[in-house]
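Below is one structure; the comments refer to it alone.
The values are calculated or read from the model by the stated rules, or taken from the named source; none is laboratory data. Note that the structure is a prediction, hence the values are computed from the model and not measured. Glycine gets a Cβ as well: all are built from the backbone with ideal geometry, and neighbour counts include every protein chain shown.
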Amino acid sequence: MTYQNWVQNFFYGGFADDKFLGIKNSFQYAKGVEIRENPNSLTLARSVDKISGSVVDTAIKSMVTISTTGDLIMFGSNGKIFRRVNNTGSVTLVYTDTGNAAILNGFEYNGYLYWATAANLHRIAISAIDADWTGSVTEDYKTFLVGNANAHPMIEISNILYIGDGKYLAELDSFGTFTGNRLSIFGDEEIRALTWNGKLCRIYSRKSTHVDYGAQYFWNGTSVVYNDRIIWEGLTIHTAFNKDGYDYVIAGKRPIIFVTSDYQRIPLKALPMIGRIDDCEIAPNGVTLFENLLVIAACAGGTNTIGRGAWTFGKFNKNYPEVINFDYPTSNDNVTDKVYCVHQNNGALYLSWGNSAGTTFGVDMVSTTTLYRATGELVSLVMYGSLAEYLKELKRLGISFKPTAVNEKIEIFLRKNLASTWPATPEITVPDSKFGSTNSYAFLESPAAIGDFNFIEVKIILTAGLNRTTTPTLTGISLVFDPNIDTNQNVGQS
C-alpha cells in the first residue's frame, strides 16, 4: 500500500478564499499569529494591550500624530479630545468641544491641529498643545456648507488643506481663506476618501450604505470642476489609502480590497468571514500603513463574523505573495466589538474600539517590545487526499518546532468529516512527558482518537512563555494516511 502525505512547512499564504482551496501555504482561519516575519515558521503575533484605561468613554473616530513631538491626539464621538505623550504613559483628557459634537477627523496643517465636527472646523496652534488646552482653542473656526455627519476626509496638496464635506470639497489655504465649495461632485453623493498620486487628486464617494454604488473622481488641483469621473457600479466605497502611487480601496457590502491606478482597478482580496447575506462597514479612518503593510480596522458595523481588530494585507518583500491575516484582535477580543480607527504613531500601531452595547471603549497599542499575545491559533485547509469519498486511515501525525521555553506550549487538534466542533483534548501537546522542552519534534503513530475519515482538518494553538516574553515556534506539521481503506469504495462512511 502506498501512503499519502499532507505537509505544511510554511504559513505565509494567509487566509484562503475557501476552506477547501487556497494558494500554496494558505489556511482557512488564524488569529493572533505571525506568518510573515519568519516565513517558514508560525509564531505568536505581538501583544495588543489597552492603553486608554477608563478615561476614554467614547468611540475614537480619528487620531493624529503631532510632527514635532510624536504626541498622539485622539478625537472622540462625544467631543472629547485625548492625548498620549509620544507612545508613553497614560491617556489624558485635554479638551471637550462645546456642545459635545462628534469629531469625525483631525489633521495637522500649517502649524495648527485642525479637527472637524459635522458642521464646523476647529483648531489649536501646535505650540499650544500641552496638558491644558484652556484658552488656546478656536472653536467654529470655519463652517461647512453641507455639514456632513458621516465623514470629513482631509488631505494636504501643495500647501493647501482640502476637506470632504458631502458633495463639496472644501479648501483652506495657508492664509486662512476658506472656500466651502471649492469643487462639487454629484449632489446625491458624499466624499469618503481623498488621495494624491503626485499629479491628480482622487476623490472617492458613495451615496449611502443602502445603495450599492460608488464613484471615483479625478481632479488636477487647479480646475474649477473635476476632470473626470468613473462609476464603481454595485460597490459601496468605504475608504481608500495611497501606497506607492496606487490607491488601495475598500469597497462593497462584503468588502473587497481593490488596487487602482487611474482608470483600472483590480480586486485583490475579499475580507474573510463575511457570508453571502452579510454586510460589513469599514470606517473612513479604518485603514493605515504599518511596517509597509496595509492595516484594516474590522469592523465598524454590519452583520458578520469577521474577527474584530486590525487585519493586515501585503508582504514584506517580493519573494512572497500579498496575503491577508488577522494579526491583532482587540484587547477586548469579542466578535461583536466595533473597530473605528487604526493609526500608526511614531513606529507604533494603535486601534480604537467599542463594545456592541456602546458602554465600553478602548484604545489599544500593538507592543513595540518582545511582548506576545497569550495565545494564538491557526486552522488548516480541509484535506481529503485524492478523492473525498474514499475512506482514509491516519497512520502518523507529526510536528517540528523550536525547543520550547518556560511555559510555552504547542497543541495540535484534529477534526474529521466537517464537524462543527473541535475535540476538547489535543492529539499532541508539547512539551509533555514524552516530548520535553529540549525536543524539536513530536509524533503520534496511528492516532486512535480520530478514527477513519473522509475529510480532516488541523488546528494549532500556541501559548506564550513566561510573562508573554517568548513565543513557541512551529516549523511544520505532517499527516501520513492510507488514502483508501475501503476496498469496496463505498462512499460517505465514517
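Identify, by number, the condition in (1) within 25 Å of ALA298 (Cα to Cα); (2) surrounded by fewer than 22 Cβ atoms within 10 Å (Cβ to Cβ); (3) in contact with a Gly (Cβ under 9 Å, 6 or more places away or on another chain) that THR236 doesn't meet.
Condition not satisfied by THR236: (2).
Can you name the condition, by its number, that PHE11 falls short on among (1) assigned by TED's automatic domain parsing to the domain that holds PHE401; (2) in contact with a Gly (Cβ under 9 Å, 6 or more places away or on another chain); (3) surrounded by 17 or more Cβ atoms within 10 Å (Cβ to Cβ)?
Answer for PHE11: the failing condition is (2).
Picking from ASN346, ASN355, ASN325, ASN334, which residue would you name as being surrounded by 19 or more Cβ atoms within 10 Å (Cβ to Cβ), among the polar types (S, T, N, Q) and either farther than 30 Å from LYS24 by Cβ or touching a Ser or Thr at 6+ places or on another chain (Cβ under 9 Å) (or both)?
Working: ASN346 fails: surrounded by 19 or more Cβ atoms within 10 Å (Cβ to Cβ); ASN355 fails: surrounded by 19 or more Cβ atoms within 10 Å (Cβ to Cβ); ASN334 fails: surrounded by 19 or more Cβ atoms within 10 Å (Cβ to Cβ).
The match here is ASN325.
Yes or no: TYR141 in contact with a Leu (Cβ under 7 Å, 6 or more places away or on another chain) and either outside any strand (DSSP E or B) or more than 30 Å from ASN319 (Cα to Cα) (or both)? Before the answer, list the steps.
Details: in contact with a Leu (Cβ under 7 Å, 6 or more places away or on another chain): yes; either outside any strand (DSSP E or B) or more than 30 Å from ASN319 (Cα to Cα) (or both): yes.
Answer is yes for this residue.
Among the residues of segment 355-399, which ones are closer than 25 Å to PHE413 by Cβ, assigned to a loop (DSSP other than H, G, I, E, B), more than 21 Å from the chain's Cα centre (by Cα) and not polar (S, T, N, Q)?
The answer is LEU381, VAL382, TYR384, GLY385, LEU387, ALA388, GLU389, TYR390, LEU391.
Take ALA193 and decide whether it is surrounded by 22 or more Cβ atoms within 10 Å (Cβ to Cβ), small (Gly, Ala, Ser), within 27 Å of VAL249 (Cα to Cα) and touching a residue at least 60 places away in the same chain (Cβ under 8 Å).
Values: surrounded by 22 or more Cβ atoms within 10 Å (Cβ to Cβ): yes; small (Gly, Ala, Ser): yes; within 27 Å of VAL249 (Cα to Cα): yes; touching a residue at least 60 places away in the same chain (Cβ under 8 Å): yes.
Yes: the conditions hold for ALA193.
Mind counting the residues in segment 59-102 that are closer than 17 Å to ALA151 by Cα and within 22 Å of the chain's Cα centre (by Cα)?
The total comes to 10.
Restricting to segment 258-272, what's the tally of residues that are touching a residue at least 40 places away in the same chain (Cβ under 8 Å) and either within 13 Å of the chain's Cα centre (by Cα) or surrounded by 15 or more Cβ atoms within 10 Å (Cβ to Cβ) (or both)?
7
Could you list all residues from segment 273-287 that are among the small types (Gly, Ala, Ser) and either surrounded by 21 or more Cβ atoms within 10 Å (Cβ to Cβ) or farther than 23 Å from ALA16 by Cβ (or both)?
The first filter runs over segment 273-287 and keeps only residues among the small types (Gly, Ala, Ser), leaving 275, 283, 286.
Once the filter is applied, which keeps residues that are among the small types (Gly, Ala, Ser) and either surrounded by 21 or more Cβ atoms within 10 Å (Cβ to Cβ) or farther than 23 Å from ALA16 by Cβ (or both), segment 273-287 yields ALA283, GLY286.
Scan ASP97, ASP140 and give me the residue that is in the same structural domain as THR368 (by TED's automatic domain parsing), closer than 25 Å to ASP173 by Cβ and at pLDDT below 95. Give the steps one after another, and end with the answer.
Numbers: ASP140 fails: at pLDDT below 95.
Exactly one residue qualifies, and that residue is ASP97.
Yes or no: ALA424 among the small types (Gly, Ala, Ser) and touching a strand residue (DSSP E or B) at 6+ places or on another chain (Cβ under 6 Å)? Before you say what the answer is, go through the steps one by one.
Values: among the small types (Gly, Ala, Ser): yes; touching a strand residue (DSSP E or B) at 6+ places or on another chain (Cβ under 6 Å): no.
It is false that ALA424 is among the small types (Gly, Ala, Ser) and touching a strand residue (DSSP E or B) at 6+ places or on another chain (Cβ under 6 Å).
For segment 1-50, how many residues meet the condition of being hydroxyl-bearing (Ser, Thr, Tyr) and within 18 Å of PHE313 (Cα to Cα)?
So in segment 1-50, the residues hydroxyl-bearing (Ser, Thr, Tyr) come out as 2-3, 12, 26, 29, 41, 43, 47.
Imposing the further condition that a residue be within 18 Å of PHE313 (Cα to Cα) reduces the set to 12, 26, 29, 43.
Final tally of qualifying residues: 4.
Closer than 25 Å to THR305 by Cα and either out of contact with any Asp or Glu (no Cβ under 8 Å at 6 or more places or on another chain) or hydrophobic (A, V, I, L, M, F, W, C) (or both): is that true of VAL64 in this structure?
On the way: closer than 25 Å to THR305 by Cα: no; either out of contact with any Asp or Glu (no Cβ under 8 Å at 6 or more places or on another chain) or hydrophobic (A, V, I, L, M, F, W, C) (or both): yes.
Judged against the criteria, VAL64 is not a match.
Could you say whether any residue in segment 9-26 is part of a strand (DSSP E or B) and under 17 Å from the mean Cα position of the chain (by Cα)?
Going through segment 9-26, the residues part of a strand (DSSP E or B) turn out to be 15.
From the residues that got through so far, the ones that are under 17 Å from the mean Cα position of the chain (by Cα) too are 15.
There is at least one residue in segment 9-26 that is part of a strand (DSSP E or B) and under 17 Å from the mean Cα position of the chain (by Cα).
Provide a single number: the residues in segment 245-257 that are surrounded by 21 or more Cβ atoms within 10 Å (Cβ to Cβ), more than 16 Å from GLY301 (Cα to Cα) and of a type outside the set (A, V, I, L, M).
Total satisfying the criteria: 2.
Is one or more of the residues making up segment 89-100 among the aromatic types (Phe, Trp, Tyr), in contact with a Gly (Cβ under 8 Å, 6 or more places away or on another chain) and surrounded by 17 or more Cβ atoms within 10 Å (Cβ to Cβ)?
no
Based on what the data block shows, is SER205 at pLDDT 95 or above, hydroxyl-bearing (Ser, Thr, Tyr) and over 26 Å from THR288 (Cα atoms)? Show your work before the answer.
Working: at pLDDT 95 or above: yes; hydroxyl-bearing (Ser, Thr, Tyr): yes; over 26 Å from THR288 (Cα atoms): no.
Criteria not met by SER205.
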